[in-house]
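Engineer: Pasting a structure below so you can have a look.
The values are calculated or read from the model by the stated rules, or taken from the named source; none is laboratory data. Because the structure is predicted, anything quoted here is derived from the model rather than measured. Neighbour counts run over all protein chains shown; Cβ positions are idealised from the backbone, glycine included.
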Amino acid sequence: MNDIKFIETLKQKRNACDYSQSRLALELQISRQNLNEIENGKTKASKEMKHILLHYLDYCNCTQPFTLTIDYLRVRFPTTDALEIIKNVLAMKSEYFIHEDYGMFGYEEQYIYGDISVNASKDSSMGVLLELRGMGCRNLEYVLQARGIDWYSFLSCCIDYQGVFKRIDLAINDMGGLLDIEILRERYYANKVWKRSRTHEAVDSGKLSGTNGDTAKTFYIGSKSSSIYFCLYEKEKEQKSKGIKTDIKNRFEIRLKNGKAEQTIEQLVFSRNPEQTIANLILTQIDFPDYILWDIFLDNVTTSLPFIM
């Protein structure tokens, strides 16, 4: 975006939010004079400042900027009876499932409903493995809503059936576009970050037609072989490249395995305080100091992060 287009867009977005220059400057902790000079073309805004101004104004136009949901779940139960898990844990009818004489992860057979997979083996040490991929989580949500229960109740049921949680992906949906994946990546590479892990990976994917080669940016923080790592990506752009419309601008996924997944799920179920749970997971791994949009993101995570279905 050239400077003239940026100034036009900035003014349009600020007016749409009914923000004065003084209010916008105050909330972003910059001087009103500097903002005025940027809008009048007297001062050239840096790339990061342009991003801060536009992303923040998009965020201000959003009623519920951030929500939390489950995007992947894998649980192992100490039984060889897959039909019992379908009936008593999923509360679904087994006749809705397709039976296959092979399973995932070395299991002998599986029952499939969309992206819900129940894997079974005669080997009691393997138990029954329930896997919910992205759409499988959405499939199950319809069932839970029909029963009038939420994710807390379902996870609690898994615990009651002695389920061992092998993996969970907790997705923070950025509805207003506050998270700036590009700038977060640049700050990470410039070492303007505190991090527990030095492992990271940046991926650009999903070239969009008619947008000058624009791509959906993905940023992995942490080792994929560890018990916790993050995946930040531009959800709206990714889906658009597939011809799919979504209201989610970006996603911050927290991917947890084995003991870390167990610990986190128990904390969620027993505290029912997703804000504290998620904030602790993030802040023990990563922080971007002196970056106002990150501070605003953390403020939202710690004060208002509804666990939705």
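Engineer: Name the pairs whose Cβ atoms lie under 6 Å apart, with the first residue in region 28-46 and farther than 13 Å from residue 56 by Cβ, the second part of a loop (DSSP other than H, G, I, E, B) and not basic (Lys, Arg), and 6 or more positions between them or separate chains?
Structural biologist: As it stands, the answer is 37/43; 38/45, since those pairs meet every condition given.
Engineer: Identify, please: which residue in region 62-89 is in a helix (DSSP H, G or I) and of a type in the set (D, E, K, R) and is, among those, nearest to residue 6 (Cα to Cα)?
Structural biologist: 87
Engineer: Among the residues of region 236-247, count how many are surrounded by fewer than 21 Cβ atoms within 10 Å (Cβ to Cβ) and either farther than 19 Å from residue 54 by Cβ or at pLDDT 95 or above (or both).
Structural biologist: Residues meeting the conditions: 7.
Engineer: Quick check on region 135-181: of everything there that is acidic (Asp, Glu) and either buried (at least 16 other Cβ atoms within 10 Å of the Cβ) or in contact with a Ser or Thr (Cβ under 6 Å, 6 or more places away or on another chain) (or both), which residue is nearest to residue 288 (Cα to Cα)? Steps first, answer last, please.
Structural biologist: The first filter runs over region 135-181 and keeps only residues acidic (Asp, Glu), leaving 141, 150, 160, 169, 174, 180.
Narrowing the set further to residues that are either buried (at least 16 other Cβ atoms within 10 Å of the Cβ) or in contact with a Ser or Thr (Cβ under 6 Å, 6 or more places away or on another chain) (or both) leaves 141, 150, 169, 174, 180.
Details: 141: 34, 150: 33, 169: 22, 174: 17, 180: 12 Å.
Among residues in region 135-181 that are acidic (Asp, Glu) and either buried (at least 16 other Cβ atoms within 10 Å of the Cβ) or in contact with a Ser or Thr (Cβ under 6 Å, 6 or more places away or on another chain) (or both), the one nearest to residue 288 (Cα to Cα) is 180.
Engineer: In this structure, does residue 125 turn out to be at pLDDT below 95, surrounded by fewer than 17 Cβ atoms within 10 Å (Cβ to Cβ), of a type in the set (Gly, Ala, Ser) and in the same structural domain as residue 90 (by TED's automatic domain parsing)?
Structural biologist: Against the criterion (at pLDDT below 95, surrounded by fewer than 17 Cβ atoms within 10 Å (Cβ to Cβ), of a type in the set (Gly, Ala, Ser) and in the same structural domain as residue 90 (by TED's automatic domain parsing)), residue 125 qualifies.
Engineer: Then there's this: Taking the criterion of being outside any loop (DSSP other than H, G, I, E, B), of a type in the set (Asp, Glu) and more than 21 Å from residue 174 (Cα to Cα), would at least one residue in region 18-38 satisfy it?
Structural biologist: Yes, some residue in region 18-38 is outside any loop (DSSP other than H, G, I, E, B), of a type in the set (Asp, Glu) and more than 21 Å from residue 174 (Cα to Cα).
Engineer: Then there's this: In region 39-61, how many residues are in a loop (DSSP other than H, G, I, E, B), touching an Asp or Glu at 6+ places or on another chain (Cβ under 9 Å) and not small (Gly, Ala, Ser)?
Structural biologist: Within region 39-61, the first condition is being in a loop (DSSP other than H, G, I, E, B), and the residues that meet it are 40-46, 61.
Still in the running and touching an Asp or Glu at 6+ places or on another chain (Cβ under 9 Å): 41, 43-45.
Remaining after also requiring not small (Gly, Ala, Ser): 43-44.
Going through region 39-61 one residue at a time, the tally reaches 2.
Engineer: Take the residues of region 187-219 that are charged (D, E, K, R) and more than 30 Å from residue 276 (Cβ to Cβ): which is modelled with the lowest pLDDT?
Structural biologist: Taking the candidates together, the pick is 207.
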